[in-house]
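The values are calculated or read from the model by the stated rules, or taken from the named source; none is laboratory data. Just so you know, these numbers come straight off a predicted model, no measurement behind them. Cβ placement follows ideal geometry from the backbone for every residue including glycine, while neighbour counts extend to all protein chains displayed. These area figures cover heavy atoms from the full protein model, side chains too; ligands, DNA and RNA do not enter into them. Shrake-Rupley method; radii C 1.70, N 1.55, O 1.52, S 1.80 Å.
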Amino acid sequence: METRGLEPVPDSERTGRVRALFPTWVAANMTVLLLTIGAGLVVFDGLSLWQVLVVAVTAPAVSFGLVGLISVAGRNGGAPGMALSRAVFGQRGNLAPGALIWVARWGWETVNAVTGAYALLAVLGLLFGIRSTSTLIVVTLFAFVAGSFLLSGLGLRALRLSCTWSAYLFGGFSVLVLVHLAGATSWPAVLDRPAGPTSAMIAGIGTLAAGGISWAPAGPDFTRYLPRTASGRAMVAATVGGAGIVFLPMVLMGAVMAVGTPGLAVTRDPVAFIGVLLPDWISVPYLAVAVLGMVLINAMSMYSAGFTAQTLGFMIPRAWAVGVNAAISLFLGSLLMLVASSFVDSFISFLNLLAVTFSAWIGVFGVDQLRGRAYDPEALMDTTSTSAYWYAGGFAWTAVAAWAVGLAAGLLFTGVEWFTGPLATTWTGRSGLGWAVTILVSGGLYAALPRPVARRAATAPLHF
């Protein structure tokens, strides 16, 4: 069990390997929600198979390219992402983006927990004919969240081992599904679909990339055990490759399934259709492995959320900090499964808001990283006025201001189920690119403003 919290990893304990990042990011994307999104690209956006292919390749390259770049900071500083963020925003200034990211993680973990619970219910229905009830929904949700909490509490080594084996299992069963679809699909109906508007394809890329960039603040959490000599290029390649190898087949499978079953894109239960479209000998083990994959996704998110809670001042061990998120996701997940009328609509709306929330931090932190930031281990852990990262009253005001302005700008272009910004009807807003505006504004403004100088300031050349 990992007992280390926010404190930076000493060089003597940095024995990790870059190749371990590949199965980590495979596992982080093993969700059947990618099937649902692929179906939505066909049903709602009217895209052809070739356009879906472009979306499925471009979205992970953009989003997890950013995740990989931010991950390099973990190698440089040896600490979790939100602890390193103290050097950028100041000890007090880091509380604002940290709190917002922590709250956003509640939603991400809730969505994953609900999806996993639906998959577990689908397995019970296929194997034993058990019908879903309110009580059973709560029981399966509790079992899913408890499994995520236990795995996350064990720490990074347990997560890495689980990610590796889950990647093999999920990959094997996905190949079976692809083979079955290849033989059962009416390919003329799939291939002869007319192309949809380019704007819809761009919107698809924006929506799909929105989910990926939410992993950026967590990227350093999984690279802080890498030696300082680890290749930054290899880190980015492993991150993009791990995500892309899951995105491509899953999104394409969803698109192919939706041609014959359009209801896939609008179902309240995002995984129930698998039992109808696939034979039991494939769907049951596939869903079982998918449940394990989504437990891993939630465990990874909780793992990072525990660090975020600690940076906010929760003076409790990392495992207990994880427990706070587990309890919150259990409560919110029950509401979503029992009350929400449309899971898919809620999910897409959540993705767009989530992306803007994380992008404001990404823009500032990324520019600061490109400026050659070197991290002072003692200053990161010193939250008093003696810290080198205290700046002015605990705030690096240029970073905080750039973050706030970027966040506001992104929300102007965001339109979701519960909120519509005044510029959401523009081309940028309709294309789901509010998060891109956020990164450009926050990063550009921070680059233009003077960089705050830390006491015992240090810089280091950025190397890959």
Karplus ³J(HN,Hα) for the stretch 426-438 (6.51 cos²θ - 1.76 cosθ + 1.60, θ = phi - 60°; Hz, whole; x = Gly/Pro) runs 6, 4, 4, x, 5, 7, x, 10, x, 5, 5, 4, 4
Work out, step by step, the length gained on full extension between Thr229 and Val103: first 0.36 nm times the residue separation, then minus their alpha carbon distance; give nm to one decimal.
41.9 nm
Provide the gained length on full extension for the span Ala189 to Leu176, in nm with one decimal, where the gain is 0.36 nm per separating residue minus the Cα-Cα distance.
2.5 nm
Residue by residue through the stretch 148-154, what is 3J(HN,Hα) from phi via Karplus (6.51 cos²θ - 1.76 cosθ + 1.60, θ = phi - 60°)? Round to whole Hz and write x for glycine and proline.
4, 5, 5, 5, 5, x, 5
Spin-label zone in the stretch 53-92 - amide nitrogen under 18 Å from a point set 7 Å from the Cα of Glu13 along the C-beta vector:
74-84
With contacts defined as alpha carbon pairs under 8 Å and 6 or more residues apart, what's the relative contact order of the stretch 1-156 in percent?
30
The relative contact order of the chain, taking Cα pairs under 8 Å that sit 6 or more residues apart, comes to a percentage of 31
Phi-based couplings in Hz for the stretch 214-228 (Karplus 6.51, -1.76, 1.60; Gly and Pro marked x)
5, 7, 4, x, 8, x, x, 4, 9, 10, 6, 8, 7, x, 4
Measure off, as a whole percent, the carbon and sulfur share of the 1.4 Å-probe accessible area of the stretch 193-265, all protein chains present.
69
The chain, accessible area per residue, ligands and nucleic acids excluded (1.4 Å, Å²):
37
Note to self: C-alpha centroids of the stretch 29-55 and the stretch 217-261 sit apart, in Å, by 17
Between Trp165 and Leu53, how high is the FRET efficiency from 1/(1 + (r/R0)^6) when r is the Cβ-Cβ distance and R₀ = 35 Å? Nearest 0.05.
0.75
Could you please state, rounded to a whole Å, how far the C-alpha centre of the stretch 106-139 is from the C-alpha centre of the stretch 367-418?
39
Can you give the extra length, in nm with one decimal, that the chain gains between Trp418 and Ser199 once fully stretched, where that is 0.36 nm per residue apart less the Cα-Cα distance?
76.5 nm
Which of the three applies to the stretch 31-159, rounded, prolate or oblate, going by the alpha-carbon gyration tensor with a ≥ b ≥ c and a/c under 1.5 meaning rounded?
oblate
Summed over the other residues with a beta carbon less than 13 angstrom from that of Arg75, with K and R at +1 and D and E at -1, the charge totals +4
